[in-house]
Every structure is written in C-alpha cells, then in structure tokens.
1. Give 209, 148, 194, 163 a once-over and let me know the one that is more than 25 Å from residue 124 (Cα to Cα) and among the hydroxyl-bearing types (Ser, Thr, Tyr).
2. Which of the residues belonging to region 238-248 are touching a residue at least 40 places away in the same chain (Cβ under 8 Å) and either surrounded by fewer than 20 Cβ atoms within 10 Å (Cβ to Cβ) or assigned to a loop (DSSP other than H, G, I, E, B) (or both)?
3. Give all pairs with beta carbons closer than 9 Å in which a residue from region 224-237 that is under 21 Å from residue 202 (Cα atoms) and in a loop (DSSP other than H, G, I, E, B) meets a residue that is modelled with pLDDT of 85 or more and of a type in the set (Phe, Trp, Tyr); count only pairs at least 6 apart in sequence or on separate chains.
4. Name the pairs: first residue in region 31-60 and under 14 Å from residue 89 (Cα atoms) and touching a residue at least 40 places away in the same chain (Cβ under 8 Å), second residue part of a loop (DSSP other than H, G, I, E, B) and of a type in the set (D, E, K, R), Cβ to Cβ under 6 Å, at least 6 apart or on different chains?
5. Could you tell me which of the residues 110, 56, 44 is among the β-branched types (Val, Ile, Thr), under 18 Å from residue 217 (Cβ atoms), surrounded by 16 or more Cβ atoms within 10 Å (Cβ to Cβ) and touching a Lys or Arg at 6+ places or on another chain (Cβ under 6 Å)?
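The values are calculated or read from the model by the stated rules, or taken from the named source; none is laboratory data. A quick note: this is a predicted structure, and the numbers were derived from the prediction, not measured. Cβ placement follows ideal geometry from the backbone for every residue including glycine, while neighbour counts extend to all protein chains displayed.
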Amino acid sequence: MLASRGGMLRILVSLVFVSSLAAAEPAPVIGGSRVPSGAWSDVVAVIAPDGTCTGVLVAPDVVLTAGHCIELRPTHVITNTVDHAAGGDRIAVKWARAYPTWWERYDAGVLVLEHVARGRARPIASACLANDRLRAGAPLRVVGFGATTPAGTDDNTQLYEATIAVLDPFCETDPACGDAARPKGELTAGGRGTDACFGDSGGPAYLDTPAGPTLLGIVSRGLEVLGLPCGNGGVYVRADKLVAWIEAVTDRDLERAPCDAPADTIEAAEEGGCTTGGGAGLGIALVFGVRRRRRARQLPARDRANAPPPPSIRDAAARAPRSPDARVR
C-alpha cells in the first residue's frame with residue numbers, strides 16, 4: 001500500500017490494462033511498516049472477482065470504501081486479519097451502494113455485510129474537529145492492503161500503515177481535486193516517498209486525538225504528477241461529509257468524535273445512491289487504489305501516450321485541465 005516515488009494517475013473506466021509489466025520485488029517496508037497482529041481491527045480487505053480494495057468499519061456490519069470500488073461489485077470482505085491471503089473472517093456482502101455522483105463529488109460507497117464483524121468501528125471526526133486540526137503538515141495515519149512498490153506491481157496482501165503529512169487541507173491546488181467536493185470535502189496528503197497505492201482505495205486515514213485515532217477520511221485517487229504510479233501523494237475524501245448519507249441509506253447510527261457541527265449533514269436530495277446489482281455502469285479516471293489481479297493490470301494512461309481514452313463521459317479528467325508538472329508539497 002504505502003509506496004515510494006512517482007506520480008499517481010489511476011484509471012478505472014474502461015479497465016485498460018498492461019499485460020506484461022515486470023513485477024518489482026517488494027521490499028519489507030517502503031514508506032510504511034507492516035501492521036502487527038491485532039492492530040487496526042476496523043480495517044478490512046474488500047474482495048471482488050477482478051480486484052481488491054480496502055475498507056473500514058463504520059458500524060458493526062457496515063464498511064465504508066471508495067465509490068469506484070463499488071463498481072467492481074464486491075462479493076465479500078475479510079476482517080480480523082493483517083494478511084487477507086493468510087486468514088481472517090470472511091463475511092459476504094449483503095448489498096453495496098455508491099454515493100450519488102461519486103465520480104464527481106465524494107468518491108465513497110458502503111457495503112452492508114451479512115452479519116456483524118468482530119472489529120470495532122472507530123468514531124468519525126466531526127466537521128469542527130476536522131476543520132480545526134487540518135493544517136498543512138499535520139500528521140495522518142493511513143492504513144491499507146495495497147501495493148508496496150513505486151510501480152504498484154507487487155502482490156502484497158498484508159496490511160501496512162504509515163504516517164503521512166497533509167499537503168492541502170482543502171484540496172484546492174492540484175488538478176486532481178474536484179470542484180464538486182468543495183468546500184472542505186477533500187484533502188491531499190502524502191508524497192515524498194510515503195503514499196497510498198493500488199489496492200488502498202477506500203482505506204482509512206486517521207487523525208490522532210487524546211481519545212485515540214478517529215476516522216478522518218478515505219483514500220480516493222492520486223495527484224496529477226508524471227512518473228511511477230505511487231509515491232507523490234493523493235486525494236482523500238473527508239468522512240464527516242458522508243455521515244448523514246451513510247446513516248440514511250443503512251439505517252445505522254454512526255459514532256462521531258466530540259464536536260458535532262451542522263457541516264456533518266448533506267442535502268436530503270442526495271440520500272440515494274447506486275446499488276450494485278442494478279447494472280450501474282459508472283466510470284472515472286484518476287481513481288486509484290483498485291488493485292487489479294496480476295492477470296489484468298491497469299494502465300497509467302498519462303504515462304502511455306498511445307493508450308486509447310476511456311469511453312465514459314464522466315471522465316474525472318474533464319473536470320480540470322491536466323498539469324503534469326503541478327506538485328503539491
């Protein structure tokens with residue numbers, strides 16, 4: 001998951017793949033460290049037929065993940081593990097739903113499980129807490145099951161964590177930031193060798209408080225920077241913007257860290273969503289972290305000029321001009 005140098009364009013829509021990339025041998029720790037057994041029990045592996053993501057428990061039977069991960073139609077999650085290939089509790093997904101207009105606003109979705117998981121959900125940082133603590137340079141902890149090499153080509157299945165620094169607390173300076181999520185719906189963090197990567201989408205970013213870690217946001221996509229896929233930082237969706245929607249669609253009450261604020265609510269008109277099984281065919285460019293199995297690897301299109309563009313009219317790249325040299329520090 002936590003990888004070093006390089007830019008991070010992630011393409012999902014048409015699932016254009018590279019079939020013959022040489023897999024880099026993963027070092028024991030690149031930009032992060034392996035999670036010891038029993039730690040971060042609220043983090044889960046999200047498993048689909050053709051890929052994996054990361055997710056985080058927000059209620060005993062509800063997992064928050066990235067919206068583009070819902071497009072993979074996850075079948076189950078693996079909880080209570082630090083290596084999803086070596087064991088853990090396998091729980092089937094009862095139903096899944098993406099946030100309305102996830103491709104342009106909040107790249108988020110929920111999975112309701114067939115039964116409760118053993119891990120305990122952590123409180124979600126309330127809007128006022130997030131607004132007060134989010135500053136450039138502020139430390140966050142990111143956790144996920146994703147790739148651990150700069151190219152994102154390894155087969156890591158273990159849980160990693162790292163401390164990353166906030167770059168832009170309001171996601172205003174990088175072309176990867178979305179206008180529809182403003183104000184204060186996203187942030188950028190990481191880079192300079194410590195980052196999320198393929199397979200980390202939907203994984204949690206935590207803010208440390210005196211009462212313990214609180215869920216600040218989830219991994220969405222990479223910054224608009226040329227180079228290897230992972231290592232230069234990424235965009236995170238703030239969890240406080242999702243609370244009211246999650247509670248509305250799941251009928252669950254979520255725990256929030258102290259300091260609730262009106263900003264935790266969203267428009268009632270957006271309490272729908274795109275449910276898997278209904279044939280939703282949404283797409284997005286610039287989403288990262290969907291970890292395709294080695295038989296089908298995603299192509300970072302901006303690094304390969306001859307690649308055909310994705311067919312979806314909802315290409316997130318159309319929201320803002322690309323600026324390959326732009327680098328948030």
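1. Details: 209 fails: more than 25 Å from residue 124 (Cα to Cα); 194 fails: more than 25 Å from residue 124 (Cα to Cα); 163 fails: more than 25 Å from residue 124 (Cα to Cα).
Exactly one residue qualifies, and that residue is 148.
2. Step one: of region 238-248, the residues touching a residue at least 40 places away in the same chain (Cβ under 8 Å) are 238-243, 245-246.
Matches in region 238-248: 242 only.
3. As it stands, the answer is 229/198; 230/198, since those pairs meet every condition given.
4. Listed pairs, sorted by first residue: 42/122; 57/42.
5. On the way: 56 fails: touching a Lys or Arg at 6+ places or on another chain (Cβ under 6 Å); 44 fails: touching a Lys or Arg at 6+ places or on another chain (Cβ under 6 Å).
Just a single option satisfies the conditions, and that option is 110.
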